[in-house]
1. What does DSSP give for region 60-139 in terms of the percent of beta bridges that are antiparallel, rounded to the nearest 5?
2. Residue by residue, what Karplus-based ³J(HN,Hα) values in Hz, rounded to whole numbers, does region 102-111 have, using 6.51, -1.76 and 1.60 with θ = phi - 60° and x for Gly and Pro?
3. Based only on other Cβ atoms within 10 Å, what is the fewest-to-most ordering of L31, L93?
4. Along its three principal axes, how long is region 67-138 when you only count alpha carbons? Whole Å, largest extent first please.
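Read the figures in this text as sums done on the coordinates, not as results from a lab. Just so it is clear, the structure is predicted and the values come from calculations on it, not from any experiment. Backbone-built Cβ (ideal geometry, glycine too); neighbour counts: all protein chains shown.
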Amino acid sequence: MAAKLSGSGGGRYETEQNSEINVTPFVDVMLVLLIIFMVAAPLASVTVQVALPPAVAEPSANPPKPVYISIQSNGSIYVGDFATDLAGLGDDLRSNIGQRNPERERIFIRADRDTMYGDFMGVMNMLQDNGFYSVALIGEEDN
């Protein structure tokens, strides 16, 4: 007894190509996702009702022009583009900001990487002595 594994005379081992897409697994997945979102959506909503008051603050028209202090490596200090010294720094800042409150005014400091720490701290101390408490340090972006 021998089994016929190949050869002519029969279509028993021939395969046809199936070009139809079976969408049943796709529909099953979509139905599961629909059920998950239907269950999760009520959990994400806020159930505590709060009557919020209307906002009464007027939006600010234009933000104030920022004030920059630059410290070079040799210790020279600039307010904006104008040179100043440590003793006159407070007066120059007050003339630069005008009528705005110095305690709420943000001062941006740019210092050279080779600036002596003592020069930088002298500027910081002078800012605090003159009522400028909001200070931001500017650095170069590392690309």
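1. Values: 6 of 16 bridges.
Rounded to the nearest five, the antiparallel share is 40 percent.
2. Coupling constants for region 102-111: x, 5, 9, 7, 8, 10, 9, 10, 10, 10 Hz.
3. Going from sparsest to densest Cβ surroundings: L31, L93.
4. Per principal axis, max minus min of the Cα coordinates gives 34, 20, 20 Å.
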